[in-house]
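Shown next, in structure tokens, is the structure this report addresses.
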Amino acid sequence: MGKICILGAGGHARVVLDILQSTGHAVDGVFDDARTDPLDGVPVLGPCAALLEHAGARVIVALGNATLRRRWAEDLERAGLELLTAIHPRAYVAASAQIGAGSVVCAGAVVGAGAQIGRHAIINMLAGVDHDCIVADNVHIAPGARLCGGARVGEDAMVGAGAVLVPGAVVPSGMQVPAGQVVQAG
């Protein structure tokens with residue numbers, strides 16, 4: 001098994017580091033363009049591009065910015081690095097749910113029966129993704145957001161903190177749902 005690395009060293013990276021450590025993984029290093037001091041005791045091994053030279057590394061792209069997260073995930077996969085999925089031990093993921101590679105499910109989140117979470121998605125703290133929801137690639141479901149049964153969220157979208165998607169609601173690709181907003185079906 002290759003070393004475990006995190007790309008990014010901001011707030012989301014701290015959350016990802018906590019999840020990995022909570023699940024018994026030792027993180028070998030962090031790569032970031034702006035930070036050089038350790039991230040919660042884990043060394044910064046160089047700028048983001050240097051990670052491309054670490055063949056065999058297992059990586060989570062811990063960038064909140066969806067555009068950068070997608071770009072780096074694609075670059076790392078092309079370079080042959082394995083993208084890890086991180087699920088906090090205090091999250092609930094139904095046995096019939098699917099979680100895509102590179103995705104992060106944070107503490108207190110719930111992913112219900114038959115839900116499908118795409119690649120490189122963030123299901124943030126206390127978010128709820130109910131039965132049969134579809135969350136596409138590179139989506140961010142912010143803290144406390146609720147997706148009711150059968151809701152769908154398109155690629156690169158963000159559902160803001162505390163927002164609610166009623167049953168069957170659809171959020172198009174690239175859309176940002178403001179915090180606290182209710183999205184009705186059709």
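Contact order for the chain, expressed relative to its length and based on alpha carbon pairs under 8 Å spaced 6+ residues apart, stands at 12 percent. In the context of the full set of protein chains, the chain has a per residue accessible area of 43 Å² (1.4 Å probe).
Coupling constants for the stretch 3-19 follow from the phi torsions by the Karplus curve (6.51 cos²θ - 1.76 cosθ + 1.60, θ = phi - 60°), and in residue order they are 5, 9, 10, 10, 9, x, 9, x, x, 5, 4, 4, 5, 4, 4, 4, 4 Hz; glycine and proline get x.
For every other residue with a beta carbon closer than 15 angstrom to the beta carbon of Gly29, add +1 if it is Lys or Arg and -1 if Asp or Glu, then tell me the sum. Within the 15 Å Cβ shell, the charges total -2. Positive contributions from Lys and Arg (+1) and negative ones from Asp and Glu (-1), summed over other residues with Cβ under 12 Å from the Cβ of Cys48, come out at -1.
Label separation (Ala50 vs Gln98): 3.8 nm, computed from points 7 Å beyond Cα along the C-beta direction.
Here the extension length gained between Ser173 and Ala34 equals 47.1 nm, from 0.36 nm per residue of separation less the Cα-Cα distance. Taken about its Cα centre, the stretch 54-93 carries a charge dipole of roughly 140 debye when the Cβ of each Lys and Arg holds +1 and the Cβ of each Asp and Glu holds -1. The phi torsions of the stretch 133-139, fed into the Karplus equation with coefficients 6.51, -1.76 and 1.60 and a -60° offset, translate into couplings of 6, 10, 10, 6, 4, 6, 8 Hz, rounded to whole numbers, with Gly and Pro shown as x. Around Ala136, under 10 Å between beta carbons, what's the net of Lys plus Arg minus Asp minus Glu among the other residues? It works out to a net charge of -1. Modelled spin labels at Thr23 and Ala79, positioned 7 Å past Cα toward Cβ, are 2.2 nm from each other.
With the whole protein complex present, Glu53 retains an accessible surface near 150 Å², based on a 1.4 Å probe.
The values are calculated or read from the model by the stated rules, or taken from the named source; none is laboratory data. Everything numeric in this text was worked out from a predicted model, so none of it was measured. Note that we place each Cβ from the backbone using ideal geometry, even for glycine, and neighbour counts take in every protein chain shown. Only protein heavy atoms, including side chains, enter the accessible area calculation; ligands, DNA and RNA are left aside. Shrake-Rupley method; radii C 1.70, N 1.55, O 1.52, S 1.80 Å.
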